[in-house]
Every structure is written in structure tokens, then in C-alpha cells.
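Enquirer: What follows is a single structure, and I will ask about it in a moment.
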Amino acid sequence: MFKRVRKWFITRIWGHSRRRARLVSKDGRCNIEFGNVEAQSRLIFFVDIWTTVLDLKWRYKMTIFITAFLGSWFFFGLLWYAVAYIHKDLPEFHPPANHTPCVEHINGLTSAFLFSLETQVTIGYGFRCVTEQCGTAIFLLIFQSILGVIINSFMCGAILAKISRPKKRAKTITFSKNAVISKRGGKLCLLIRVANLRKSLLIGSHIYGKLLKTTITPEGETIILDQININFVVDAGNENLFFISPLTIYHIIDHTSPFFHMAAETLPQQDFELVVFLDGTVESTSATCQVRTSYVPEEVLWGYRFAPIVSKTKEGKYRVDFHNFSKTVEVETPHCAMCLYNEKDARARMKRGYDNPNFILSEINETDDTKM
């Protein structure tokens, strides 16, 4: 009881005194901004206009969508009005009875706008139409029809691609709120639980991690956000996961692990961020998606394991209780990874024998004094 109170007190006090700066939030968003970007570099975003439009927020995308259509309708409406004005088809010019206009029934700017809208969206009410009197009007009709198809294809394709992006599929992949450190298979491991909330699978799933921390090189260079690979595995490996039920992935804390020299008391005082990635292909759309989350030292619980969540009902079905998804249970755990391996080495030495180089075997000749 005292141990839990002490751990809670240290975590709370240390957490309020130091606010951790996350690079990756719990829902996978990256907390980074770019400053002093040259104006020439910003033009690159307009070269790759498709990706730029897809990355826009919905409010900006819908603004561009509405502006593109209204702007093109009004622009060509002005051109149709100019054609009628130059050809003197408008009523203020009092054309004769035998006069053939370029476009029938264009009486002003409003009717020119309506004709532009009917032409571009191919409504064709049959009231206004182009005659063969003006070659300029025929050319303008062809040009607006082609440009209208391009605008329709681009804007509708951008909205469809925005809706079908695999980023939304990643929202149905969830990680546990905390990571835990406990023994698993006789080894000290860092464990994280991940679950797929949909019944459709992720094909070719691969999970891995990066430990972000500030390091100083032997040359004295300070590297902020230095990345260290963290290998996560399940019992069947870390690739092609059978992701039908929640999985508990673990990282073995051995001599090559960056967590090897950490202990239960020193863990909250560390300055690192553990970022976990899950890559996979969506089964229904064949699109590749990535799910991210991160853990800071306050979210890593030493001496705990996850509560079981999978059970089997009387009807023979397997049931997953997500109420216990992030629930942890305190278990007996070594104070540090080094303590566990020293204990194992001590036990191994007790089972082995050792040669004493100073030991000399003396042979004693026994003399039988009894004569037969």
C-alpha cells in the first residue's frame, strides 16, 4: 500500500513540476511546426496541388469547391455577356426583327449567367441556345464544356479521395492508455495492448517503435529527438499479425535495450517519448494506413500487467470485454532489469562447479604390514 501511494505521489508531483512536450499525441497527431521556410519552398506546395488539396481541412476544401464552380459560372457569364454585347444582341441596341443573335434569349447579365450555368453543368432547358451565327460563341461553348469537365473531375475526385482516406480507418485502431513493465516468460518486458475495433482485418500488419530522447555525442553535439529503434513482438513475431482480437505486444528489456539501465524509482525522472507505429493494409480498400501513439515516462507503469479481456461464452463464442482494455493489475516485478539478470547469473553460478587452481591431489601409498 505504501509503495503504491509513494509511486502515485512521485508521479503527480513530478508530472505537475515538469510538463512533457510530446512530439506525437495520443491520437497520432504530430506536434511540430516549420519556421523560416523560404517563399520559393512554399511554391512547391502548389506544384503538388493534388496532395495540397487533400491535406486541406474540410472548411477550406468546401470553400474552394464552391468558389471554383461559382467563379467559373460567373466568369463565363461575363464572356457570354461580352459576346452578346459585341454582336449587339442586347435589347438596348434595338436589333431588327430579322437579326440572328449569337445566343438566343440573352437579355442581360443575369440571363448570361444562367446560360453559363446551364452550359457547364449540361442542364439544357432548351430555352437559350447557341446559333451558327458566331464562330466566337461556338468556340466559347466548346472551351467552357471542356473546362467544366476538368473542374468537375478534379473537385469530385478530391472530395471522394478525402472521404476514402485510410486515416479514418486508423481511428478504429486503439492503443492502451498506459504501457506496463513486468515479467513475461521469465524476462522483463515492456508491454502495450492494441485492439482493432472493426471485424475487418488489417493485412500484412507490422508493428515497431521509436524511442525519442535528447542525446549528446562524444564530440559534444546535442541531438534533440534522437531516434532509437525499439523492437516489439508478439508470440508469433512482429509481422503479419492476426489482428482479429486485441494483442499484447512486448519489448524484451535485455542488455541491448535502452530501458536496461532504468529502475522503478528512476523511470519517472527520465526524459524520453516512446512512439509506437502500426502499419497495415485495409482489407476492404487495399489502402495502406499507419496508426501512431506515444508514451511518456509517467504513462509507463513499472510492476503491472494488463488484466485479461478475452473469455469464452457457453455458446462457444469468444467475447472481448473492452472495459478491461486499459485496466492494469499490480504484480511482483524485479526492481530493475539489471537486478533480474544478476539474480539469474547468481543462480546459474550456484548450479555450476568451479576448478580451484591451488588444489593439489596427493597420492598416499598404503603399506600392508600384515604378512601372510
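The values are calculated or read from the model by the stated rules, or taken from the named source; none is laboratory data. Small disclaimer: the values here were computed from a predicted structure and weren't measured. Reconstructed Cβ throughout: ideal geometry from the backbone, glycine too, with neighbour counts over all protein chains shown. Just the protein is used for accessible areas: all its heavy atoms, side chains included, with ligands, DNA and RNA removed. Shrake-Rupley method; radii C 1.70, N 1.55, O 1.52, S 1.80 Å.
Enquirer: Inspect segment 128-140 for any residue being free of Cβ contacts under 8 Å to residues at least 12 places away in the same chain and among the basic types (Lys, Arg) and give the result as yes or no.
Expert: No, segment 128-140 contains no residue that is free of Cβ contacts under 8 Å to residues at least 12 places away in the same chain and among the basic types (Lys, Arg).
Enquirer: Given the conditions (1) in contact (Cβ under 8 Å) with a residue 12 or more places away in the chain; (2) out of contact with any helix residue (DSSP H, G or I) (no Cβ under 9 Å at 6 or more places or on another chain), and given that Lys168 satisfies all but one, which numbered condition is not satisfied?
Expert: Here Lys168 meets the rest and fails (1).
Enquirer: Identify, from the list Leu247, Leu241, the residue that is free of Cβ contacts under 8 Å to residues at least 40 places away in the same chain and open to solvent by less than 90 Å² (accessible area, probe 1.4 Å).
Expert: Going through Leu247, Leu241 in turn, just one is free of Cβ contacts under 8 Å to residues at least 40 places away in the same chain and open to solvent by less than 90 Å² (accessible area, probe 1.4 Å): Leu241.
Enquirer: Go through segment 301-326 and give me each residue that's over 27 Å from Leu202 (Cα atoms) and part of a strand (DSSP E or B).
Expert: Leu301, Trp302, Tyr304
Enquirer: Could I ask something else about it? Inside segment 292-323, can you point out the residues that are surrounded by 20 or more Cβ atoms within 10 Å (Cβ to Cβ) and modelled with pLDDT under 90?
Expert: Scanning segment 292-323 gives no hits.
Enquirer: Okay, moving on. Which ones in segment 102-116 are out of contact with any Cys (no Cβ under 8 Å at 6 or more places or on another chain) and either basic (Lys, Arg) or open to solvent by less than 20 Å² (accessible area, probe 1.4 Å) (or both)?
Expert: Ile106, Gly108, Ser111, Ala112, Phe115, Ser116 - these are the residues of segment 102-116 that are out of contact with any Cys (no Cβ under 8 Å at 6 or more places or on another chain) and either basic (Lys, Arg) or open to solvent by less than 20 Å² (accessible area, probe 1.4 Å) (or both).
Enquirer: Inside segment 31-71, can you point out the residues that are open to solvent by less than 80 Å² (accessible area, probe 1.4 Å) and among the hydrophobic types (A, V, I, L, M, F, W, C)?
Expert: Result: Val37, Ala39, Ile49, Val53, Leu54, Leu56, Met62, Ile64, Phe65, Ala68, Phe69.
Enquirer: Residue under question is Leu241, and the condition is that it be in a strand (DSSP E or B), over 30 Å from Ile49 (Cβ atoms) and not polar (S, T, N, Q); does it hold?
Expert: Answer is no for this residue.
Enquirer: Do we have Lys344 as in a loop (DSSP other than H, G, I, E, B) and either out of contact with any His (no Cβ under 6 Å at 6 or more places or on another chain) or modelled with pLDDT of 90 or more (or both) here?
Expert: no
Enquirer: The conditions are (1) of a type in the set (Gly, Ala, Ser); (2) without any contact (Cβ under 8 Å) to a residue 12 or more places away in the chain; (3) closer than 26 Å to Cys339 by Cβ, and Ser311 fails exactly one of them. Which is it?
Expert: Checking Ser311 against (1) of a type in the set (Gly, Ala, Ser); (2) without any contact (Cβ under 8 Å) to a residue 12 or more places away in the chain; (3) closer than 26 Å to Cys339 by Cβ, the one that fails is (3).
Enquirer: Can I ask one more? Evaluate the following for Val282: is it farther than 30 Å from Leu340 by Cβ, touching a Gly at 6+ places or on another chain (Cβ under 8 Å) and open to solvent by less than 30 Å² (accessible area, probe 1.4 Å)?
Expert: Taking the combined requirement at face value, the residue does not satisfy it.
Enquirer: Can Lys327 be described as at pLDDT 90 or above and open to solvent by 100 Å² or more (accessible area, probe 1.4 Å)?
Expert: Against the criterion (at pLDDT 90 or above and open to solvent by 100 Å² or more (accessible area, probe 1.4 Å)), Lys327 qualifies.
Enquirer: Just checking, does segment 164-181 include any residue being more than 30 Å from Thr328 (Cα to Cα), surrounded by fewer than 16 Cβ atoms within 10 Å (Cβ to Cβ) and not basic (Lys, Arg)?
Expert: Within segment 164-181, one or more residues are more than 30 Å from Thr328 (Cα to Cα), surrounded by fewer than 16 Cβ atoms within 10 Å (Cβ to Cβ) and not basic (Lys, Arg).
Enquirer: So, one more: Hey, Thr131 hits all of (1) under 17 Å from Trp73 (Cα atoms); (2) open to solvent by less than 60 Å² (accessible area, probe 1.4 Å) but one; which does it fall short on?
Expert: Result: Thr131 passes all but (1).
Enquirer: Suppose the filter is part of a helix (DSSP H, G or I), at pLDDT 90 or above and open to solvent by 80 Å² or more (accessible area, probe 1.4 Å); does Tyr81 pass it?
Expert: When the stated conditions are applied, Tyr81 does not pass them.
Enquirer: Which residues, counting only those in segment 147-183, are among the polar types (S, T, N, Q), more than 17 Å from the chain's Cα centre (by Cα) and within 24 Å of Ile252 (Cβ to Cβ)?
Expert: The answer is Asn178, Ser182.
Enquirer: Related question: In segment 205-227, is there at least one residue being open to solvent by less than 90 Å² (accessible area, probe 1.4 Å), modelled with pLDDT of 90 or more, closer than 30 Å to Ser257 by Cβ and β-branched (Val, Ile, Thr)?
Expert: no
Enquirer: Please go through (1) touching a Leu at 6+ places or on another chain (Cβ under 9 Å); (2) part of a loop (DSSP other than H, G, I, E, B); (3) at pLDDT below 80 for Thr333 and return the number of the only condition it doesn't satisfy.
Expert: (3)
Enquirer: Can you tell me which residue is modelled with the highest pLDDT among those in segment 228-238 that are surrounded by fewer than 12 Cβ atoms within 10 Å (Cβ to Cβ) and assigned to a loop (DSSP other than H, G, I, E, B)?
Expert: Asp235
Enquirer: Can you tell me how many residues within segment 192-202 are open to solvent by 10 Å² or more (accessible area, probe 1.4 Å) and in contact with a Phe, Trp or Tyr (Cβ under 9 Å, 6 or more places away or on another chain)?
Expert: Residues flagged as open to solvent by 10 Å² or more (accessible area, probe 1.4 Å) and in contact with a Phe, Trp or Tyr (Cβ under 9 Å, 6 or more places away or on another chain) within segment 192-202 amount to 4.
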